[in-house]
Every structure is written in C-alpha cells, then in structure tokens.
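The values are calculated or read from the model by the stated rules, or taken from the named source; none is laboratory data. This one's a predicted model, so the numbers in the text were calculated from it and none came from an experiment. Heads up, the Cβs are rebuilt from the backbone with ideal geometry, glycines too, and the neighbour counts pull from every protein chain shown. These area figures cover heavy atoms from the full protein model, side chains too; ligands, DNA and RNA do not enter into them. Shrake-Rupley method; radii C 1.70, N 1.55, O 1.52, S 1.80 Å.
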Amino acid sequence: MQSATCFPRDNYTKTLGLTILITILDILSDILIASIPILILKKSQMKLSQKMSLALFLCLSIVMALFALARCAGIKDGSDIDYMWEMYWQYMEGCIACIMASITPFRTLFTSLLSRSSREKAGPPSNTFIEHILKRRKKANSQDWIEMNDQQSLPRPPGALLSGLRTFRLCVLVAILSIFGPLNTTMDSIPNERPPNCDEDVIESLIDLETGFPSVSTSFHHEIFAQAIDEKYGGSLRRCASLACQNVNVYGYGSSTDYQKTFANYPIAKLGDVANFVTGKPGSKTEIIHNFDGLVEAGQMLLVLGRPGSGCSTLLKTLAGQTDGFEVSQKSVINYQGIPMKTMHSEFRGECTYHAESDVHFPHLTVGQTLELPAQARAPRLVLNSNEIKRAAYARESKDATLLALNLSSAVDTKIGNEFVQGVSGGQRKRASIAEIMVGDSPFQCWDNSTRGLDSANAFEFLKALRESTRKKGSIAIVTLYQASQDMYDTFDKITLLYEGHQVFFGNPWDAKDYFVKLGFICAERTTTGNFLTSITNPVARITAEETSARFLRSSRDFADTWDRSKQKQHLLKEIKVYHEKFPVSSTELAQFRTIRRAQKQLLIRRGSPYTVDIFKQIRICVVRGIQVIRNDFAPPISNIIGNVIMSVILGSMFFNMSETTDSFFGRSVLLFFTILLNTFLGAFEGVALWEKRAVVEKHFRLALYHPAAEAISSLLCDLPNKFLLTLGFNLPFYFMANLRRTPTAFFTFYLFAFVGLVTGSMIFRTIGAMSRTLTSSIAPGAIFILMLVIYSGFVIPVTDMHPWLRWFAYIDPVSYAFESLMINEACSETQLTFCYSAAEYIPLQGSKGEVLLFPRGHIAIGADPTDEESEIIHERYPGVQERKNMEEFEAIMEYPPPSPDANVSFLWKDITYDISTSQGPKRILNGIQGWIQPGSLTVVMGCSGAGKTTLLNVLAKRAPQGVIGGEAVIGAQHKGEHSFARKVGYAQQNDIHLSTSTVREALELSAQLRQSRRFSTIERKAYVDEIVRILDMAAFVDAIIGIPGEGLNVEQRKKVTIGVELAARPDLLTFLDEPTSGLDSNTAWAICTLLRRLANGGQAILCTIHQPSGDLFQMFDRLLLLAEDGRQIYFGDIGYQSSTLIEYFERHGARKCRDHENPAEWLLEITSAEGHAAVLDWSNIWQRSREKQKNDQQLENFKDSLENPSVPMEHNTDGETEFATDFLTQLKLLTKRNIVHDWRMPSYLYSKFFLALGGAFLNGVSFWHSQNNIQGVQNQIFSAFLIMTLYGSIVQLIIPQYFENRELYEIRERPSKLYSWPAFILSNFIAEIPWQTIMAVLIFIAWYFPIGFSLHMTQEDVNSRSALVFLFIWSFMMWSLTFSQMVVTALPSAALGVNIASLLHSLSLIFCGVLVPPSALPHFWIWMVRVTPLTYFVGGIISTGIGNSEISCSSKELVSFRPPTGLTCQEYLAEYMSYAGGNLLDPTAQDTCQLCPASSTDALLSALGIFYSERWRNFGISLVFSVFNVLGTLLLYWLFRLPKRTGRSNSSK
C-alpha cells in the first residue's frame, strides 16, 4: 500500500538536516533557559524542592532531545518526521512547561521576557515561509510540493502556551528558519491539491473558508461534514469496512440452578458453581445461533429480522465482539475485510460498535454535554488542513452537526434524565443514544432495535442518515428492527431472517418476499414485507397456500434445511468464498487499517491500543464530564460540605479553647483521633454514587472512548476541589476553636495530613467498590476494613495490648500513621522529636478510654426450551401462542358497565394547557388541546418525538409532576367523587417499572387485590387474573421472575406485564397506554392492538400514544389526536375507513397526495413534521380555522352539558368515595408479605447484611479477646462497645438504597394508581426489615459478646439476665438503625444524599455519647445533646449491663507506688483520700512502699462517663422510644415533603 504522505527525494536531506539542527539548538536553548534562573538564584538560599525541580527540568530536556535525535536516525519518510516532531513537542514541552509553570521564579522570568518581547516586536516576520507556518494556506497549483500528515513541512507547536515557554521556543525557531535558504519558498509554491474524485463545489459550500468551520445548510450535516473531512485527506483516512461470516455458531451453558436465587438456595447455587469450575463442567450446552452465513460489502446495510428470542441481539453482539455470557464456536469464521476477529475486537474495538436497545446515560448531564465526551474522545489527530480546524473545534462541530442531523438542537441544554430524573422525552433520549454512536464515526456499527421510542418519521430519517453515511464512507451497518415500515425496509441492501436461532434467509430485500411466496406462503394485503417475513417465524401468524410445500414446514429446523438446499444459499457461499480470496485474514488490508488508525490516534498511544486519544486526554475529557455532573447536581456535595461545617463547629465548641497544659493532653488526643477518623472515612460513603455511573463507564469502555482507569483518575481529580472544601470546612473551624497549635506551620501540616487522609480513605473504598460486582457486596468488606483501621490505629488499643494475630495490620494502617503524625505535630517543636515520639507512643495508652428467565424453585416453565441469549439460558417457547389469526376466537371476558344512553362520551377535555418553569422562564408544553373519549372507542395520540404526547396523557390522568395546568377536564356524573377518577382509570406507562423480584402472577394478583372494587371477592379477582394471563398469552412465563433487563423477562414480556397489571385493576372509566407497542415485533404489536380493539368493542374507553404504527395497526383506531412539535393541536377527529377521512382533510388543505400503498401514519408524520415537504404550512392555524374544528367545538359543548346534566339520573357508584379499594390492614398485610419475599429473593442484600454483622462483630471481639477487669481492660471493653455502634455507618449504606428503590417504584407507578396508601408503604417497609435486623442482632451478640468476655466477670446468679439484656440492647440498636435510616432518606431526593446526611448525624451521636468526651468535660451548653443522643443510651446500657457492678484488679503497670510518711501504714495515710476518691490498696498494712489501685470497682470508672448500672433498664426503654419516634418522624416527613402538592391550575377542572 502506498503511503498517503510522500516526499520528493531532493527535499529529504534538507528536512533531515533541518531537524537535526533544530534539535541541537533546542538543547542549547534548554540549557540557556535553565541557566538564567540558576544564575539569578545563585546568591539566594534555594530550597531542596527547587533544586530538585531544576535538576528534573534539565534531565527531561536532555533525555527528550536525545530521543528526538534517535528518532531522526530512523526517519524513512515524511510521516516519520512529523511523528517525531509531534512526539517531541508533546513529551518534552508538555513536561517542561508544567514544571516551569509550577516554580515561581521561572514563571516570573518568562512573564517578564514575553512582555518585553511583545513590547519590542514591531510586527510579524515578513518571511513567506513563516507565514506558511503561522497562517492557513491558500490554494495553489504548483506540482513541486511537500505533503506531510499535517500538510506542512515544518513542525508547529500545539495549542495553548503554558507559562510562555512554547511561544519563546517558536520565536527562536522562526528566527533560525528565516535564514534557512533552501526551504524559503513562497506561498504560491506550496499547493493544496484535492483528490481527483473530490467535488470542489460541495466542499466549499459546506466549509466556511473564513472561519474554517462548516456552514449549516442541511439536516444531515454530520454525514456530509464527515465526508468533507475524508475528502480533505484525499481519502487516506477513510476506513472502509465489510464483513463475511461463515458457520457462525453461538452457544451458552446452562444448569439446573437457573432459578431465582434466594437466601436459602444461594449457598447451594454457589457450591454448584464451584463444583462446575473444579470439574470443568460448566453445564449443559445450549445452542443460540446455528450455522449463520452472511456477507456485507462496504457501503451496505443489513437488516436482521426475527421475533424477540430468535437470536437477533445475540447475532449483533457476536459480530460486535460483545460475547459476555455466551461463547462463539472455534469453527466460526468471521472476516472483517482481512482483519481477524480477535484483532478487530481488541485492537480496533472502537471501530466495531454495538448500540443496545436500552438507553444508559448520566441523567443529570444535558444532551449536549452527553455528546461532548464521545466527540472529543473519537476526534482524529489529523484535521482539516487547509482550514486548520483543531481537534477541539472538530469535536465541537461534529457534535453540533450530529445534534442538527438528529433534530436535537432544541434539547441541547436539557437534562437527558431517566426513569427517575426528569429530562428530555423518551424519543429524544433515544436519539441522544444514537447520536453518541454516530459522533464516534465507527465504520462497523450494529444497531439493536435502535428506533424503539422514535416516531416513524424520525426512525426513517435516522435510517436515511445511516444509509447516506455507509454509502459515502464505505462503512457497514447491521440493524435489527421489530416494526419496519416498507420505506425502512427498502433502505437496506441485505436482509436476513432468523427463526429460533436458525438462519432461514439471507439475500437482497427484493428477493426475500419472492423466496417465501414461491415456497407457498401468502402475504396479506397491505402487509409490509418486513412484517410478512417476521410472520413466517410465527406458527400461528403465517398463512400458507393449499397444496404447497410450505404446509410441511413447521419447525425452525425445517425452514433452515430448506434454506440450506436453496440456490440462494449456494450463491451466497460462492460470494463468501470469493470474498475470502479477495481479503485473506491478516492481509495487507490489516496493515492499511492500522496505518489509518495510527494517523488518527494521538502519538502517545501504543500501536495496539483501541483508543484514539492518549490517557492524558482521556483523563481531561473525563474530568470535564465529571465537573459537569457535579455542577448539574449540586445537592449531594453542598449538603455534605454544609453538614461537615456544622459538625466542625459543634466539635470545636465541645473542645473549646483547651488549655495548653498537660490537662488537655487526653482531650487533644481524642480530638485528633476523631478528626483523622472522620477525614479518612468520609470517602466510605462514595460507593452509592460510584455505582450509579458504572454502567455508563462500561458502555464507554466497549466503545473505546476511554479507559476505565482514566475515569477512576478523573473521578479523583473532580473530587479534589470538593474534598479540598470538605476538609477545609471541617478542619478549619474546630482547629482554632479548640486551641490546637495556632501557628501556620502546625495548621498547614495538620491540614495536609487531614486532606491526604481523606484522599487515601476515598481511594481505599473506591478500590473495594471497583473489586466488587454489586454495590451491596462491596459494603460488608468495606465496613470490616474500616473497623480494622480504627481498632489498630494505636488509639483504641495500645500497641502493647494488641493481640499478635492481628498486630501486623497496624503496620499497614494509614490511620495509625496519620494519627501519630498529628500527635507529633500538635505536641512537638522541631527540636523535640525524640520526646514527642515517646509521647505519641504513650498518649494512645491513656486515650484507650466494604435476559435470563428466572423461576422460583419448584416452578417449571411451560414449554421451556433453551435458546437465545436474549433470554439467556432458559427462554420460553410459546406453543400456545395465540396471535393475529386466532385472536377472534376469544370470547369477551371482561364485564364493563355499558355506556350511559344519554351521554355519548365518558371523558372530555377542552383548551388544555400545561406550563413548566425553566431557567429561561416559563415554557408552554401543551397549548389548547381538546378532545373526548367515548366508551367503545380506541383513540390514538400521535406526533413527532417531543411533541408532548406523554405529557398530555400525564395531564389528563392527573399525573403531571409539576407545572401549571389550564383548561377543563370533565367526566360523567356517575364517576364523580373525590377519588373516583384515579380509581377508575388504568395507566400503562412507557417505562416498564416493576418490582424486579416479583413473579408475573404476583404482580397481577397484587394489582387485582388492591385495586379492584370491593364488590369482587378474592376468588373472583384471582380468576380474573387467570383470564388476563390467557388473553395476553402469558401462561408460559406467568410464574417467571420479572427481573431486570438482561436477567428476567425480555422487552416483549415486560410490556405485556405492564399492560396486564393495569387491566387486572378492571378500570371502569378509561385506560391510558403510553407507547404500548414500543420494543415489540410487528406480530406482537398486532396482538396488543387487537387486544385493545377487543377491549374497546367490549365498552372500554382507551386513549394511547403510538410512535411507529404500521398501516394495519393504524386502521384499528377510531379517532386520532395529532400534536405538532410545539405542543399545539393539528387534528382531532375520525380516521375513517382506510384513513379516508383523515387523508381527505390534509390533502384538502395543501398536503401532498398519499399514495395508494403508502402507510397513512407515516405519510401524516412526514407532511406535518419540521423536516417534511409541507413544513411551510402552519397546520395548527389551519386546524383552528377549519370547519372540523368548529364542529368539534359544538360537539364538546353538547357532550359537556350531557355529562354535567344527564337527562336520566345515573346510578350512584360508591367506588369513588374511598381513596383506595381495600382497607389499611389489608394493604399492610399484602405489602409486608411482598417486601419480605422481595428481600428473601435478594440474597446479595441479606448476605451482605449478615456478613457485615458477623464479620464486624467477630473482628471486634477477637481484637478485644477476653479483656481483663483492670483499668485498661475496662477501657478496652468500653471502646469495643463504642465500635459496635460504628457499624451503623455501613448498615445505612445497605438500608437506604433498598428503601429508596422501593420508594421510587411506589411514587412513579403505584401511588398514582391508588394501589395503596403511603402510611402502608412506610410501615410495611419497617415491618419487613424487622426479621433481618433481628437476625443481625443475634449474629452480633454471638460473635461479639462471648469473645469480649463480658460473662467472665458476672456472677452465676445474674449472668443469664444480664446477657439477655445485652442482646436486647443490640436488638434495639438494630431497630434504631433501621428506623433512623429510613426516616432520614424519606425527605431527600437521592440515596447518596441520604447516606451522607445519616452518616453525619451518626457521627454527631458518636461524639456526644459520652465515650470520647465524658459529660463532665463538655461545656454546659452541650449537656442536652448527651441526653437526646440515642447512642448515649445504647452504649451506656451495654456497658453498664456487661461490666457494671464488678470489682477491678489493677495490673502491675497500673498500680501507683509511693512511700508513706514514717510511722504510718498505707491504710492510715490514704484513709481520707480513699473515702472520696476510691481505690484499693494492695497491702494496707505496709509501711515501706504503698501500692494503690486507683479504682476498686467498675462503677467508679463508669460513673465518670455518666454510666450507672442502676439505669440499665431505663436506658433500654428510652432506646425503644427512639425507634418509635423515628417511625412517627418518617410518617411526618413523608407527609410534609413527599406527598404531591396540588398541581397548579389556571382554570377549573371538573
């Protein structure tokens, strides 16, 4: 392959000589620059850090200059020269400039030099060659030229100049080059030739030559702009792609443990996994893809058709290299145009992308910010040379063009959001996901049902953009579509059809229909080709002709055998053989592709790396992204900082203005220990926030945007300002309030250790989180690690008392080193290190006062047959599938009340408006919407993405989260009541949100039990659920766990469950459905719409939104409400037979004719969209002036009058008189059962809690093993009980996310449906957790109580009662931990914020519980805090019960020895002292040496801490009161902050 960059031989020697000369001069300039400050600073006293910086600067200069010379020795062509210069500048100048900028003398020196140079310089150099370097080149015609990668023959320095160094270097080089004669050419002698196939006019129309940026002139600007870039390079960087695959077989492994893991069977499942690993038997082999063959040439698009579960997603993942969870057979052959499969998926991972059906983003980022990172991470090193567009400008323009191409410009500053964070619409979020892939410009793209959630017009526009991109760039696209219109189908070059993993066709789109028609299959009238092909794979949907071979084709194996014998298959195999001969694996094409990627990648990247930018650039763009996330969601960091400032002030006031005598020695040690402890453990609560972004990071890793390590580093850098403010806000107030050493040196030393401690702790816990697969599994190891850091810090247990089996941990404990350093800093001057080291050793002694279908075990899937990876190991066959053909055979099973004979409508709305507040001011989402719903009618709401379809449904269903609603909504008199409307409507949301651990039957039965009218018995409700299961054809998976996407039900099954849950409620008035067919294949969508049609025929009123209806589906609806992009109404009225009424209206008002075989729905969206041919027409104004609108206005008034004043009195319906269908106790019973089962089916959650309790308690007990009843032993036992209380910091990280997840489900889906009351929700969560908290208390008691040795010092009479009371205190503490955690998070918007605030409040409780600071040592103002702190009673109760009322025997080192006065015994001498101070003499009669034990009983020591044995039962009662208070507080806080306020209305709504 000829290189894209070529050098005339006569210029090679000149360039090489120039390079060597400049390098030598560069070395001299380095020495000169380094010598100047040395001479300046020679007479001053330089510090060691300055000397080391200068030495490092000189070494880097010399080493990098030698590296540049070495590169010159190996130069072969111009590309190597350019490579050498890029490497040289990026390595040396970047390193040196950073060092220079960090040293004040250098910065001052260069500032003065540059300012002087700018004053003295009269004007720019006049040399034409210098102009060539510093300006853009113009077009020229000379043939004697030098072309380099950047199309300039000399190096130019990179962008921004750090501390003026690069400007200085450039001035030196320009001065030298001005006198270098041989290359002093004119501008006209350096041409800018274009490739022969380049359309000059097209390029100039797209690129603004004045600004160098593209001009916006087309909606597909992104694709044409990318084409212009390629043509500017003469095609040298165009990465063509093609694919040939043969005998591709994909399989997975299953076993008998493919059932829902519960707390009971989880150990068995893990033992089975271990046994399979040891024996090398992974399980039964399950075939997913069978012998797939295919060929996709460069510039082509392949459409993969098949029903959900047929293997479409698995095929795309296999071709894109994402084979986690399954394996590809070794005999499979996949040739990426000469590139081996392994190489493509490793070295070129970012060139082969897969876009999943689900959208995963940072919800708080805006759409524009979401696209910034992929645009910058995939921007090539080489850019438009003639205009010198830099990489940053290229990335910005590429992002803007993509936004414009996908019609996202209006949403660029709107949060992208998710199911729980309000943001853009679902369609806009899907387009943002598409843009994220398109901006990366990969040549091999796999799109898995990526049009889900898009309206048909936008979906078609996306495919046209993809079509244009592949054609112009020579790339390929493999796409799966479940509902492909005929226009979409005709866009593709190749089609393949999969049937249960078997390939049954591959070829041209126009041949596919003929192939199956010749076999004897009949294509129904007005059925698109895509729907016809998909129906072939459905046994009950395909139609066969009489006396044809098609009648004998039944199984997927039969279809595959027929395909293997066809001439089309033989022709395909011949084409594949020719392809392999043309592009053999590891051929020159691989070397060419590597050359192109090398030209695109930055120069610091290793050759085999899949990334485009180096690690430093990756870190930078991740830092920018991280800052944007923080800026868009300020609540957690701000609340954390404010909370720590408050805590600091409180802490400082507790130790206010300590004296500088030895009396404050212990107080200072306690304060410093608690300080370093909090600083280190503040990072322990970052786990929740860290896991929120893990899915996004993994997605970006697969797209080769950045390395996960770059995200980890950037996360640390982004948190540094927050951590800096956090440590400053926490350490500054109390440091000076407590009168710690008030000198600059001492304070900044203290602050340095505090800051480093915080960063160190953060990294430790991030590492633990990174090593864990789930959030819950990372908490228990982190908690145990925290406990070890505390125990072996040297403060809690003196070094001499540490047990040898864990003594080693003190040597790797960062808290130990930080605490020791802070003690030295506080107590010592620089000349007293020896004394201070001994003091640090002594003071702690005195201070010792971490899509599989799942079935519950015992349930068997009906017709289970393992197949596709989308359902992973077990995927349900539907032998009883009743779809399109036989839906009519169902009898009407739902008894709906007949419509009123005098009222033709059941619900109407008039002049509906909806306004929300934005940063730019009020914004109107809906404007003047009107319409009605009649019983027995099926009304559809349509419009382009972002038109407000879902918003309209939310407003009509009274579920709008915020904003001001205007207009009227009227229902019939029989349905009026305070709670009637919400009780009598069903709302199937677009997002399928369910409790992940429930089975389908459990979800349906819960909805039926809690929402159906009381006139139905429990038996009738369950029978009704069985009918819903039958009519929705869910019998095969009705006992399956709903799960999460990828492990549980697939998209189709989840959508059926969503609809079934609403139908199970028997809605009397109206059913809303938001996108009921999204994500479904055409046959299943037909089945859903047929079901809706039947429900409507039975008298049900239905209003739904649909994005991509086919022509057949569109005909099922009676009436259409069409919205414009600005939220105004375009049409409301009948659709008519064959859409005649609708078509006649729009054609009469100027729309183009609708062709006979055109889908009316797609035609409608095309003519009314902003990109449509008739976009110049203002359809909203046309509708307002139309006679249809005037007729509707009159009908609305008549309907409104008939609803409000019925001529015949309506039967009073009492269902709406109560807010909920069931009483409170029934709700509480059902919810508690559901929550207990939910926890039981989450073994990771329960085992994490139990491992935390068992591990933390056992480590605590072993570390304080059998503490003696001496003074130090008593202190150790007190601290041991205190450390039990610190387990809350980890328990809260388990409880709050679990509770928050339940709250989100309740508030998003269950509360608006009036499923149950909010008190039932709160109390059921409390009750369901009680068993697990009780088990934790038992584990803590067993693992801690006996090792600590409490019972060794009790009498036989009271050991049982006192042991039981200790257990009750531990149990009460577990109850308090549960109730307090849920109370704190109840009023907060996020789980991470709840964890932070709860942890801060718990830290305050630790301070005031009386262990670290005795009540007598506290300022009088804070005594009330001791009394209201729950931990005061927990610690006091446990300690008084465990060691109270016991004698003390001092150890030898605790005895006080002295000589009594002559003639007096020790007893006589100390009688008066011991009468009030207590104590015990070892020998009272001794006259020579007295040995006094300062304390005679534990009560004397405990009384100093405010702990009394007699108050143990009182403390237990008070501890229970705190838990009750927390429950009541939770109810109050939820009522104040979480109950929805009434949405504002500008007019009355009836």
Residue by residue through the range 632-644, the couplings from Karplus 6.51 cos²θ - 1.76 cosθ + 1.60 with θ = phi - 60°, in Hz, x for Gly and Pro, are 7, 9, 7, 4, x, x, 5, 5, 5, 5, 4, x, 6
Of Lys1189, Lys285, ordered by accessible area with the largest first and a 1.4 Å probe, the sequence is Lys285, Lys1189
Hydrodynamic radius by Kirkwood, which averages 1/r over all alpha carbon pairs of the range 476-605, in angstrom | 17.2
Here, Arg1187 and Ser346, labelled 7 Å along Cα→Cβ, have an inter-label distance in nm of 7.5
Distance cut-off 17 Å, percentage of C-alpha pairs in the range 511-567 lying past it = 31
Given the peptides 334-343, 442-451, 1142-1151, arrange them by the average over their residues of other C-beta atoms within 10 Å, most packed first.
-> 442-451, 334-343, 1142-1151
Computed FRET value (nearest 0.05) for Arg1152 with Arg471, which takes r as the C-beta separation and R₀ as 35 Å | 0.85
Taking a spot 7 Å from the Cα of Ala264 along the direction of its beta carbon, which residues of the range 1219-1238 have an amide N less than 18 Å from it?
-> 1233-1238
At q = 0.22, 0.23, 0.24, 0.25 Å⁻¹, the log10 of I(q)/I(0) for the range 933-1016 from a Debye sum over equal Cα scatterers comes to -1.35, -1.37, -1.39, -1.40
Pair-distance profile P(r), taking every C-alpha pair of the range 418-495, with 5 angstrom steps and integer % = 3, 14, 27, 25, 18, 8, 4, 2, 0
State the percentage of accessible surface on the range 545-638 attributable to carbon and sulfur atoms; use a 1.4 Å probe and exclude ligands, DNA and RNA.
-> 57
Could you order peptides 1490-1497, 820-827 by the average number of other Cβ atoms within 10 Å of their residues, highest first?
-> 820-827, 1490-1497
Of the listed pairs Lys518/Lys569; Lys399/Lys1055; Lys582/Lys699; Lys958/Lys1022, which have alpha-carbon separations greater than 24 Å here?
-> Lys399/Lys1055; Lys582/Lys699; Lys958/Lys1022
Counting only protein heavy atoms and using a 1.4 Å probe, what share of the accessible area of the range 1405-1550 belongs to carbon plus sulfur, as a whole percent?
-> 59
Modelled FRET efficiency - R0 41 Å, Arg554 with Val278, Cβ distances, 0.05 increments = 0.45
Can you figure out the FRET efficiency of Ala524 with Thr1018, using R₀ = 30 Å and their beta-carbon distance, to the nearest 0.05?
-> 0.10
Please give the peptides 504-512, 704-712 ranked by average Cβ packing (other Cβ atoms within 10 Å per residue), highest first, as a rough proxy for protection.
-> 704-712, 504-512
